[in-house]
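S.K.: First the structure, then my questions, so here it is.
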Amino acid sequence: MPLKNTTTLLLHMAPYTTLPLPSLQCGTLLQSLTNSKSFSQAQQLHAHAITCGTLLQNTYLYTKLSACYAACGHMPQAQLIFDQILLKNSFLWNSMIRGYACNGFPLKSLVMYREMLNFGQKPDNFTYPFVLKACGDLLIRGIGRKVHALVLVGGFESNIHVVNSLLSMYSKFGDLAIVRLLFDKMSVRDLTSWNTVISGYVKNGEPEDAFLVFDHMRRAGGIGDGTTLLALLSACGDLMDLKMGKAIHGYAVRNVGKVCNEFLMNSLIDMYCNCDSISDARKLFEELKLRDAVSWNSLISGYEKCGDAFKVLELFSQMFVGGAIPDEVTVISVLRACNQISASRLGSSVHSFIVKRGHKVNTAVGTALVSMYANCGSLLCAHRTFDEILEKNLASWTVMVTGFGIHGRGREAIAMFYEMLGKNITPDEGIFISVLSACSHSGLVGEGKEIFYSMARDYNVEPGPTHYSCLVDLLGRAGYLDEAHAVIDNMKLKPNADVWTALLSACRLHRNVKLAEISAQKLFEMNPNGMSGYVCLSNIYAAERRWKDVERVRALVKKRRLRKTPSYSFVELNKTVHQFFVGDTSHQQSDDIYAKSKHLNEQLKKAGYKPDTSSVLYDVEEEIKEKMLWDHSERLALAFALINTGPGTTIRITKNLRVCGDCHTVIKMISKLTSREIIMRDISRFHHFRDGLCSCGGYW
DNA sequence: TTGTACCGTA
């Protein structure tokens, strides 16, 4: 009878028999439980050995028991028994060091190792792998190198397990040159050696080298296993190399075949997502028999990355039915999706879900929540959540600064930024972008300039193209067009398309046709296929009623076969997000919406509204232009919200492009007419409309 | 009285 079955049988018998199992029998059983990591059965056997008196004074059994608890990851129990053993052998020490190292307590593992040395026990070829693992996990180079030296002194440098552990440790440190040196010197390599080096290259951002090592391995006659493929799939994702990904998929089917484990399947799904092939990912997902949280998370984050927020929310609800439990990773993807479509009610119900489920709002989740609230228009909730994050990292501060910025609260954004510096957090390029654009949305020219020039001077962060375009935007919006132009001319870097785009839109705001033409020229040279520049230039000409020039730009667009991004707006009602395109008639309440628009137009005109048709790019009669303005997606969304919500309810609208000038005026007036607070998010910022005024103060 | 490793998915 195989040992495993004997074990099971004996264990089942143990509670019913008064016959004590002999010590040797207990030991064999414990060994088998150690291998299978069966904690509860170990507890049963422990109890049995106590009742029967077998355990009494039995160092052999004590040692086995401690090792078994350690292998199961129950370190307090293991430690308790360990402390009672006077005659500690190397097996016992190694078991404890392993237990701590492999169950998330690397520091304790090293403390154990130190105690072992003090105790006079010599480390052996089993000790070093765990100690090296602990050093690697803790990223402590100094101690790692010392242990390496001891390995050499002890003559373990030819032990394959020890060397494999060294490879792993140095790749965790990022010391790939040492990894390579050790690997090349190895006279015998096993699959683990290859796998360690391959995944080492992937983890350190050298996917190409990982493939080279894989080739080397194949030429040496090696066949990859699940672990090899896992690393290579990750490399395919990093390179966005779908062709290679499919090849690896084929290799997996041929060589790993039916052994195809969940890890590998999940990793394949993730690879297809990273290679922008969501349909392949979906296909695999549908084929999966057992879907765990990682399977769901992979697909969900795939949809989130490609911007399909509605699919994310759909999958999130299906996940519950599918029996998988959402975790922090799920929640972060879902919050990002809410963020994309401004689904604040949905987002806050995700927040309550987290709290109800007893999940901790840790740094990552907290940061995602802050970002969601800020991007969905609830700056207050964002701030409150931010305050609740116990350990704020740079990302947390950045989303909060961005939040204040897009809501036009520039001074608070700056204050937040300096508060962060006061906490000795080192700023990076990202947070400078946040704080600079916050200045530009609030017209804080002096403050913004000072921060820009302090970047390199005080914080050793060289301004990149994005920082320059923030500066140009800041100066340009505020009307300092010539100074903005001079900034571009004096840039240390080569100006990119974004910089010229910033100047061009400033020219539109301040109706400077001449500089606009210069900027547009530069922009089209650099990025002839970007649509926004053409739209902006057309608008500038249209505002001056220079229809021939409008026509010329239109012809250029046609020649280059470009298409304007369709404009659309979202509005959330009862946790459902409604989407409207320009001139959309597909909504079931469409007739009511247009009737409401017509009514609003009449009311506004009575209140003195004069349509500004300059954003209409067609030389048609004024009446038609006016009608075209009322087709704008943000107005359809607004009319829809006005029909379907009670008086006094705040309305939140999101638009994928910049809000047009006339819509801005109209929404201001509607906020007064209907006594509603209207919060609108466009591509660059928030507009809080209240009582006929907007928070943006003209900066948008 | 007896055996312990190294490399993996979002």
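S.K.: Can you tell me which residue is most open to solvent (accessible area, probe 1.4 Å) among those in region A:316-338 that are within 12 Å of DNA strand B (Cβ to nearest atom) and assigned to a loop (DSSP other than H, G, I, E, B)?
M.R.: A:Ile325
S.K.: Against the condition modelled with pLDDT of 90 or more, surrounded by fewer than 17 Cβ atoms within 10 Å (Cβ to Cβ) and not aromatic (Phe, Trp, Tyr), how does A:Leu80 come out, does it pass? Please lay out each step first, then the result.
M.R.: Details: modelled with pLDDT of 90 or more: yes; surrounded by fewer than 17 Cβ atoms within 10 Å (Cβ to Cβ): yes; not aromatic (Phe, Trp, Tyr): yes.
Answer is yes for this residue.
S.K.: What are the residues in region A:455-472 that are in contact with a helix residue (DSSP H, G or I) (Cβ under 7 Å, 6 or more places away or on another chain) and either open to solvent by less than 30 Å² (accessible area, probe 1.4 Å) or farther than 18 Å from A:Ala438 by Cβ (or both), if any?
M.R.: Within region A:455-472, the subset in contact with a helix residue (DSSP H, G or I) (Cβ under 7 Å, 6 or more places away or on another chain) is A:455, A:461-472.
Of everything in region A:455-472, those that are in contact with a helix residue (DSSP H, G or I) (Cβ under 7 Å, 6 or more places away or on another chain) and either open to solvent by less than 30 Å² (accessible area, probe 1.4 Å) or farther than 18 Å from A:Ala438 by Cβ (or both) turn out to be A:Met455, A:Val461, A:Glu462, A:Pro463, A:Gly464, A:Pro465, A:His467, A:Tyr468, A:Ser469, A:Cys470, A:Leu471, A:Val472.
S.K.: Would you check if there is a residue in region A:275-282 being modelled with pLDDT of 95 or more, farther than 16 Å from A:Val329 by Cβ, of a type in the set (Lys, Arg) and part of a helix (DSSP H, G or I)?
M.R.: There is at least one residue in region A:275-282 that is modelled with pLDDT of 95 or more, farther than 16 Å from A:Val329 by Cβ, of a type in the set (Lys, Arg) and part of a helix (DSSP H, G or I).
S.K.: So which residues in region A:559-593 are in contact (Cβ under 8 Å) with a residue 12 or more places away in the chain, more than 18 Å from A:Arg652 (Cβ to Cβ) and open to solvent by 60 Å² or more (accessible area, probe 1.4 Å), if there are any at all?
M.R.: Selection gives A:Arg560, A:Arg563, A:Lys564, A:Thr565, A:Pro566, A:Phe581, A:Val582, A:Asp592.
S.K.: Right, another one. Any chance region A:512-525 includes a residue that's farther than 25 Å from A:Glu462 by Cα, surrounded by 14 or more Cβ atoms within 10 Å (Cβ to Cβ), modelled with pLDDT of 90 or more and among the small types (Gly, Ala, Ser)?
M.R.: So far as region A:512-525 goes, yes, one or more of its residues are farther than 25 Å from A:Glu462 by Cα, surrounded by 14 or more Cβ atoms within 10 Å (Cβ to Cβ), modelled with pLDDT of 90 or more and among the small types (Gly, Ala, Ser).
S.K.: Oh, and also: Return the residues of region A:657-694 that are open to solvent by 40 Å² or more (accessible area, probe 1.4 Å), in a helix (DSSP H, G or I) and under 17 Å from A:Asp631 (Cα atoms); say none if nothing qualifies.
M.R.: A:Thr665
S.K.: Among the numbered criteria (1) surrounded by fewer than 19 Cβ atoms within 10 Å (Cβ to Cβ); (2) within 30 Å of A:Phe285 (Cβ to Cβ); (3) near DNA strand B (Cβ under 9 Å from one of its atoms), which one does A:Asp190 miss?
M.R.: All conditions are met except number (2).
S.K.: Could you tell me which residue of region A:490-508 is modelled with the lowest pLDDT, considering only residues that are over 35 Å from the mean Cα position of the chain (by Cα) and open to solvent by 50 Å² or more (accessible area, probe 1.4 Å)?
M.R.: Of the residues in region A:490-508, the ones over 35 Å from the mean Cα position of the chain (by Cα) are A:490, A:507-508.
Filter again for open to solvent by 50 Å² or more (accessible area, probe 1.4 Å), leaving A:490, A:508.
On the way: A:Asn490: 93, A:Arg508: 90.
Among them, the one singled out is A:Arg508.
S.K.: Working only within region A:275-310, note down all residues that are open to solvent by 60 Å² or more (accessible area, probe 1.4 Å) and either under 21 Å from A:Ala252 (Cα atoms) or away from DNA strand B (no atom under 12 Å from the Cβ) (or both).
M.R.: Once the filter is applied, which keeps residues that are open to solvent by 60 Å² or more (accessible area, probe 1.4 Å) and either under 21 Å from A:Ala252 (Cα atoms) or away from DNA strand B (no atom under 12 Å from the Cβ) (or both), region A:275-310 yields A:Asp276, A:Ser279, A:Lys283, A:Glu286, A:Glu287, A:Lys289, A:Leu290, A:Arg291, A:Val294, A:Cys306, A:Phe310.
S.K.: Do we have A:Ala177 as assigned to a helix (DSSP H, G or I) and within 14 Å of DNA strand B (Cβ to nearest atom) here? Step through it out loud before you land on a result.
M.R.: Details: assigned to a helix (DSSP H, G or I): yes; within 14 Å of DNA strand B (Cβ to nearest atom): no.
Taking the combined requirement at face value, the residue does not satisfy it.
S.K.: Being part of a loop (DSSP other than H, G, I, E, B) and touching a residue at least 24 places away in the same chain (Cβ under 8 Å) is the filter here, so list the residues in region A:594-628 that pass it.
M.R.: Taking region A:594-628 first, the residues part of a loop (DSSP other than H, G, I, E, B) are A:607-612, A:616-621.
Across region A:594-628, the qualifying residues are A:Ala607, A:Tyr609, A:Pro611, A:Asp612, A:Val616, A:Leu617, A:Asp619.
S.K.: Might you let me know whether region A:137-154 holds any residue that is open to solvent by less than 30 Å² (accessible area, probe 1.4 Å), within 10 Å of DNA strand B (Cβ to nearest atom) and within 36 Å of the chain's Cα centre (by Cα)?
M.R.: Within region A:137-154 (the criterion being open to solvent by less than 30 Å² (accessible area, probe 1.4 Å), within 10 Å of DNA strand B (Cβ to nearest atom) and within 36 Å of the chain's Cα centre (by Cα)), the answer is no, since none of the residues qualifies.
S.K.: Can you find a residue that is under 18 Å from A:Arg658 (Cα atoms), within 28 Å of the chain's Cα centre (by Cα) and in contact (Cβ under 8 Å) with a residue 60 or more places away in the chain anywhere in region A:524-532?
M.R.: No: region A:524-532 contains no residue that is under 18 Å from A:Arg658 (Cα atoms), within 28 Å of the chain's Cα centre (by Cα) and in contact (Cβ under 8 Å) with a residue 60 or more places away in the chain.
S.K.: Filter the helices (runs of 4 or more DSSP H) completely within region A:423-509 down to those with at least 2 residues that are under 30 Å from A:Tyr541 (Cβ atoms) and aliphatic (A, V, I, L, M). Step through it out loud before you land on a result.
M.R.: Details: elements: A:429-442, A:445-459, A:465-477, A:481-489, A:497-509.
Because the criterion is at least 2 residues that are under 30 Å from A:Tyr541 (Cβ atoms) and aliphatic (A, V, I, L, M), the helices (runs of 4 or more DSSP H) in region A:423-509 that meet it are A:465-477, A:481-489, A:497-509.
S.K.: Which condition does A:Ile50 not pass, out of (1) among the hydrophobic types (A, V, I, L, M, F, W, C); (2) within 13 Å of DNA strand B (Cβ to nearest atom); (3) open to solvent by 60 Å² or more (accessible area, probe 1.4 Å), if it passes all the others?
M.R.: Unmet condition: (2).
S.K.: Yes or no: A:Val131 under 40 Å from the mean Cα position of the chain (by Cα) and more than 18 Å from A:Gly99 (Cα to Cα)?
M.R.: Values: under 40 Å from the mean Cα position of the chain (by Cα): yes; more than 18 Å from A:Gly99 (Cα to Cα): no.
In short, no.
The values are calculated or read from the model by the stated rules, or taken from the named source; none is laboratory data. Since the structure is predicted, the reported quantities are computational estimates derived from the model, not experimental observations. Heads up, the Cβs are rebuilt from the backbone with ideal geometry, glycines too, and the neighbour counts pull from every protein chain shown. Just so you know, the surface numbers come from the protein's heavy atoms only, side chains and all, with ligands and any DNA or RNA stripped out. Shrake-Rupley method; radii C 1.70, N 1.55, O 1.52, S 1.80 Å.
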